[in-house]
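These notes are about the structure you will find just below.
What follows draws every value from the coordinates through simple rules; no lab data is involved. It should be emphasised that the depicted structure is a prediction, and the values quoted were computed from it without experimental measurement. We place every Cβ from the backbone using ideal geometry, glycine too, and count neighbours over all the protein chains shown.
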Amino acid sequence: MTAIDDEARFTTLPDEQTLTATVAALQEHGFGVEVVDDFESARLSVLNRIPQGAQVMTNTSATLQESGIEAVINDPDGPYVSARNKMMTLDFQTQQQEMKAIAGQADYALGSVHAITADGTLVIASATGSQLAAYVWDAPNVILVAGTQKLAPTLQAAHERVVEHSLKLEDVRAQAAYGQRSYIGKLLDIRQEQPGRIHVVLIRQNVGF
């Protein structure tokens, strides 16, 4: 397999049969799912699920940035209370626990995933794990937005995507944003959820890592 072929398996959009089967598997595991065609539809899908005045945490995500969702949520003059904006007023070195409390107490946690398996498992990697507690337990409502190129046939293939594709792109982003390399400190597989808590918005586009 050439390098181009290897990269293509991480970036190629699935056919409709694969997408439909994956959506059904996610729903069987308790996840709400919506499939949309473009960024505007994704924004509307997410924003229509969040009542005005709700406190919302946008976890670091190229998908949230590219789709414009992050900008809407964190607009100081917008209709939402941005947990991230509150966090950014604090000092990371001396107020880290307060920052964790703000992120964990948000009404809605927004983010993305790095892979989704054909049998309906969400796979999320993180260096520090800062967003994982909200996805696992803390947040009463979680909305995850992802391009459909992240669908993977097996859990092994999903983990390969994280290491061989997502990490490389995140490493470049982290060096530009923070001046430091990225790494996989924690790897979360969400296999099952109580219906109504986690909603997945899938975009029929190659977006995010």
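Key figures
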{"item": "Residue 178 paired with residue 128, simple spin-label distance in nm, labels 7 Å along Cα-to-beta-carbon", "result": "0.6"}
{"item": "Options (1) 13.7; (2) 19.8; (3) 11.4 - which one matches mean projected area of the Cα convex hull in nm² as calculated here", "result": "(3)"}
{"item": "Under 12 Å, Cβ to Cβ, from residue 64 - net charge with Lys/Arg +1 and Asp/Glu -1", "result": "0"}
{"item": "Residue of 56, 163, 172 that the Gaussian network model of the chain assigns the largest fluctuation, springs spanning Cα pairs under 10 Å", "result": "172"}
{"item": "Positive minus negative residues near residue 83 (Lys, Arg vs Asp, Glu; Cβ under 15 Å)", "result": "-2"}
{"item": "Sequence-separation-based contact order of the chain, relative, with Cα cut under 8 Å and 6+ spacing, percent", "result": "32"}
{"item": "Pair residue 100, residue 186: separation of 7 Å Cα→Cβ label points (nm)", "result": "0.9"}
{"item": "Antiparallel content of DSSP bridges confined to the chain, in %, to 5", "result": "25"}
